[in-house]
Amino acid sequence: MKLGRIIVVEDNDTMRLGIEESLRHEGYLVKSFENGIDALKDIQFDSASLAIIDLKMDPMNGIEVLQKIKEINPKTEVLMISAYGTVDDAVKAMHLGAVDFLTKPFSPDELRIRVKKIWQKIQNEKKLEDLIEQNKILNDELYTGYDEIIGNSQAIKKVFSLIEQVADKDTTVLIHGESGTGKELIARAIHRKSKRSEHPFIKINCGALNDNLLESELFGHEKGSFTGAIRQKKGRFELADKGTLFLDEIGDISTAMQVKLLRVLQEGEFERVGGEVTLKSDVRIIAATNKDLQKLILEGHFREDLFYRLSVIPINLPSLRERKEYIIQLINYFIKRLAQKNNCEVKEISG
């Protein structure tokens, strides 16, 4: 893949030429096309680092072009643009692999900022690939920056890459994995690498509380709103303002609570239990579950609209039996940690 090459797919001549000129001025190698068919023919022979694609086009729309580009080269990043952008369009594009979504009209400066950010991501990933290829990264160094997430399997490297991609976005993330796979560690890593890292990371285990307690914990309550409510209490949404709210075991909440949570995600508004004042909170949501939510949807136990709101960016954590090579690394890690804690020397075990 030639780093720095950008293709623009836009059927509006003025817009296409404007984007092309703006990016060429920044030093990028740019080639533009007025339809997806011509762009796909070109990219088969000369792949691009980035494709900027308009959503509404004929005879192929932007979503179709995005899918074809990802089939040809999954490493090509895609920035979708549209004058008719909706949340559903953005969600679908991100699910299919787009890295960003920009709504028209946008200024040349805004375009350049978005492209620069994507380009930096591409460069960082290329450097990491080069280092790994040259065996310049030791196992311990692969853990740096990810708290206690350890391992160097391809599955874990993919998770690390996803963390880097999603950390600085405000889109919701749904982490799926069996109990013990480290879902909270992934959520914390995303928060600490995000622009919200200086603000609170608030967590709640949704499966451990009944509806009444969960509603009070999430949204807070007013004094006297129920027996035992002796004072006003702020909920997790308020406490997590400007930060991240981690909703663990989201698959265990009732359908009634799903409706209330969906309202907050859609409108960004809620009321404390027993309160009449509508509150707002600037919160990034990360949810986690060990259940198959799509199966629960088919069974009528989980709302499909809530699922799509939560899973804008899905991260799947492999179980330990799917990465057996990881067992020795885990054992050695815990041996080292216990040895340091007890100020003694312990030999590592081998495979």
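No lab work stands behind these numbers, since they all come straight from the coordinates. Nothing here was measured: the structure is a model prediction, and the numbers come from that model. Every residue, glycine as well, gets a Cβ built from its backbone with ideal geometry; the counts of neighbours run over all protein chains shown.
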Relative contact order as a percentage, segment 154-318, C-alpha pairs under 8 Å and 6+ apart, gives 35
If you place +1 on the Cβ of every Lys and Arg, -1 on the Cβ of every Asp and Glu, and leave all else neutral, what size is the dipole of the chain about its Cα centre, to the nearest 20 Debye?
-> 1060
Under unit Cβ charges (Lys, Arg +1; Asp, Glu -1), what dipole magnitude, rounded to 20 debye, does segment 154-318 have relative to its Cα centre?
-> 540
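From the helices alone, meaning DSSP H stretches of at least four residues, give me the mean residue ellipticity at 222 nm for the chain, per-run term -39500 (n - 2.57), in deg cm²/dmol to the nearest 500. If you can, show how the numbers build up before the last one.
On the way: 13 runs with 147 residues, N = 351.
That comes out to -13000 deg cm²/dmol.
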Ranked from highest to lowest mean number of other Cβ atoms within 10 Å per residue, what is the order of the peptides 23-31, 186-194?
-> 186-194, 23-31
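Relative to the present Cα-Cα distance, how much length would full extension add between VAL277 and LYS117 at 0.36 nm per residue of separation?
Details: separation 160, 0.36 × 160 = 57.60 nm, distance 3.92 nm.
Gain in length upon complete extension: 53.7 nm.
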Per the charge dipole of the chain (beta-carbon charges, Lys/Arg positive, Asp/Glu negative, Cα centre), the residue among ALA48, SER194, THR181 reaching farthest to the positive end is THR181
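When the Cα atoms of segment 5-130 are enclosed in a convex hull and the volume is divided per residue, what value in Å³ results? Working shown, then result.
On the way: hull volume 12.6 nm³, N = 126.
Convex hull of Cα atoms, per residue: 100 Å³.
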Once the Cα atoms of the chain are picked out, what are the Rg and Dmax in Å?
-> 23.1, 71
Treat every Asp and Glu Cβ in segment 5-130 as -1 and every Lys and Arg Cβ as +1, leave all other atoms uncharged, and give the resulting dipole magnitude about the Cα centre to the nearest 20 debye.
-> 420
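In the neighborhood of PHE160, defined by Cβ-to-Cβ distances under 11 Å, what is the net charge if each Lys or Arg adds +1 and each Asp or Glu adds -1? Please report the intermediate quantities before stating the final value.
Working: positive: LYS157, LYS158, LYS193; negative: GLU125, GLU164.
That sum, taken over residues with Cβ under 11 Å, equals +1.
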Using every alpha carbon pair in segment 154-318, what percent of pairs falls into each 5 Å bin from 0 up to the bin containing the largest distance?
-> 2, 9, 18, 21, 20, 15, 9, 4, 1, 0, 0
Mean-square fluctuation maximum in Gaussian network of the chain, Cα pairs under 10 Å, restricted to GLY243, GLY62, GLY274, hits GLY274
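Full extension from GLU125 to LYS242: what is 0.36 nm times the residue separation minus their Cα-Cα distance, to one decimal in nm?
On the way: separation 117, 0.36 × 117 = 42.12 nm, distance 2.84 nm.
Length gained between GLU125 and LYS242: 39.3 nm.
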Restricting to Cα pairs under 8 Å and 6 or more apart, the percent relative contact order of the chain works out to 14
